[in-house]
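Have a look at this one.
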Amino acid sequence: MTKPAKPDVRPANTHFSSGPCAKRPGWTLDALSDAALGRSHRAKIGKTKLKQAIDLTREILEVPADYRIGIVPASDTGAVEMALWSLLGARGVDMLAWESFGAGWVTDVVKQLRLADVRKFEVGYGELPDLAKVDFDRDVVFTWNGTTSGVRVPNADFIPADRKGLTICDATSAAFAQDLDFAKLDVVTFSWQKVLGGEGAHGVLILSPRAVERLLTYAPAWPLPKIFRLTSGGKLIEGIFAGETINTPSMLCVEDYIDALLWAKSVGGLKGLIARADANAGVIHRFVGANAWIANLATKAETRSNTSVCLKIVDKDVLALDADGQAAFAKGVVALLERESVAYDIGHYRDAPSGLRIWAGATIEASDMEALMPWLTWAFETQKATLSQAAA
Ligand SMILES: Cc1ncc(COP(=O)(O)O)c(C=O)c1O
């Protein structure tokens, strides 16, 4: 059998990881030269930078003026945990999960917070739960874009404007790539290393006036560690939402986030970012449509992510293998692409079905995505030849 021919063109940037994601085009360490290093984050220079990061976040994400935006410890996980532990327990909660991050929040609420009145809406990878069954008179926790299954909610139409409960939305792989409908969201969280390709460290917590109202009128029965506390003496700690972080942030990461936000502005803000992610994901979707050996893990087109695109290998000879064999095949494809220095970190998430996960967020160039596609074919055919040889 002749060896599949290697494509002529390689992606100029081979970083397709789903987090930390590729740095913005043109990024170099020089972008951080203005960082307030070795200075107090509480000095004017530090506070100004933190406030600038908050203000630019509001501007680019189009966050309503009456929503609070805070920079908090421990990345997106920290921001979500802060919200769950500070807000839940006042009423029953509906927990939605369709992949591992959402499932993690279910575990937290059921096994750690041990709330009595919890309803779970859990479905497998590729699906979205029946959103019509969710009761918004209760609190609702969900992930906007399931990073490990590539399934997103298409929009926030399933959330009523006049709900009694709070909606708590983990938006880490959706923010800056998908239209978050803030009027329908009471808590939105994300971290910096996803769509903007920032440095991992801090989380962003966005609170609606209704979420703030809950904080002021409800005190959970359990103790809250200092890094989760958003109120003091019955009042909101407003400083958190003006750049006075609870504990010490990395000013290097803050500088990098500001750089990423300024780049986001330069490509047209939210609309520009969404268009870039859509274009990148479109390249993959067209490729999948034209190749019978590969399919989207998301079963419905309107739920397909434009950031973490998850793909399964559906070639009949591969599907004839057992689950371990299929996983080994997919890993082989990923390893070939890595060995060729064509694409890094595009394997499935450790708990997800085997296949590929390719990041399509705004920091990726569509030309690089185009260049990657023929290499997927090459890696698949090369791996398939190995399979045929083993069978012979
Ligand atoms: C949907 C979702 N939630 C939470 C996390 C955890 O984020 P972090 O590492 O910023 O805490 C991730 C990370 O990939 C994610 O994709």
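Take the residues of the range 331-346 that are assigned to a loop (DSSP other than H, G, I, E, B) and among the aliphatic types (A, V, I, L, M): which is surrounded by the fewest Cβ atoms within 10 Å (Cβ to Cβ)? Steps first, answer last, please.
Just the residues of the range 331-346 that are assigned to a loop (DSSP other than H, G, I, E, B), to begin with: 340-343, 345-346.
Restricting the remaining residues to those that are among the aliphatic types (A, V, I, L, M) gives 342-343, 346.
Details: Val342: 23, Ala343: 27, Ile346: 26.
So, considering only residues that are assigned to a loop (DSSP other than H, G, I, E, B) and among the aliphatic types (A, V, I, L, M), the one surrounded by the fewest Cβ atoms within 10 Å (Cβ to Cβ) is Val342.
Check the range 191-213 and report whether any residue there is open to solvent by 10 Å² or more (accessible area, probe 1.4 Å), assigned by TED's automatic domain parsing to the domain that holds Phe101, of a type in the set (Phe, Trp, Tyr) and in contact with a helix residue (DSSP H, G or I) (Cβ under 9 Å, 6 or more places away or on another chain).
No, the range 191-213 has no match at all.
Can you work out which of the residues in the range 170-216 that are in a helix (DSSP H, G or I) and touching a residue at least 60 places away in the same chain (Cβ under 8 Å) is nearest to Ser17 (Cα to Cα)?
Here is the first cut: in the range 170-216, the ones in a helix (DSSP H, G or I) are 182-184, 209-216.
Narrowing the set further to residues that are touching a residue at least 60 places away in the same chain (Cβ under 8 Å) leaves 182-183, 209, 211-212, 214-215.
Working: Phe182: 28, Ala183: 31, Pro209: 35, Ala211: 33, Val212: 35, Arg214: 37, Leu215: 36 Å.
That would be Phe182.
Being in contact with a Gly (Cβ under 7 Å, 6 or more places away or on another chain), more than 27 Å from Ser388 (Cβ to Cβ), part of a loop (DSSP other than H, G, I, E, B) and of a type outside the set (Ser, Thr, Tyr) narrows it down to one residue among Ala362, Ala277, Ala298; which is it? Break it down stepwise before answering.
On the way: Ala362 fails: in contact with a Gly (Cβ under 7 Å, 6 or more places away or on another chain); Ala277 fails: part of a loop (DSSP other than H, G, I, E, B).
Being in contact with a Gly (Cβ under 7 Å, 6 or more places away or on another chain), more than 27 Å from Ser388 (Cβ to Cβ), part of a loop (DSSP other than H, G, I, E, B) and of a type outside the set (Ser, Thr, Tyr) holds for just one of Ala362, Ala277, Ala298, which is Ala298.
Report, by residue number, each residue of the range 43-86 that is over 21 Å from Leu180 (Cα atoms) and surrounded by 18 or more Cβ atoms within 10 Å (Cβ to Cβ). Steps first, please.
Here is the first cut: in the range 43-86, the ones over 21 Å from Leu180 (Cα atoms) are 43-52, 73-74, 85-86.
Within the range 43-86, Gly46, Lys47, Lys49, Leu50, Pro73, Trp85, Ser86 qualify.
The values are calculated or read from the model by the stated rules, or taken from the named source; none is laboratory data. Note that the coordinates shown come from a computational prediction; the quantities given were computed from them, not determined experimentally. FYI the Cβ positions are ideal-geometry reconstructions off the backbone, even for glycines, and counts take in every protein chain you see. Keep in mind that these areas ignore ligands, DNA and RNA; they rest on the heavy atoms of the full protein, side chains included. Shrake-Rupley method; radii C 1.70, N 1.55, O 1.52, S 1.80 Å.
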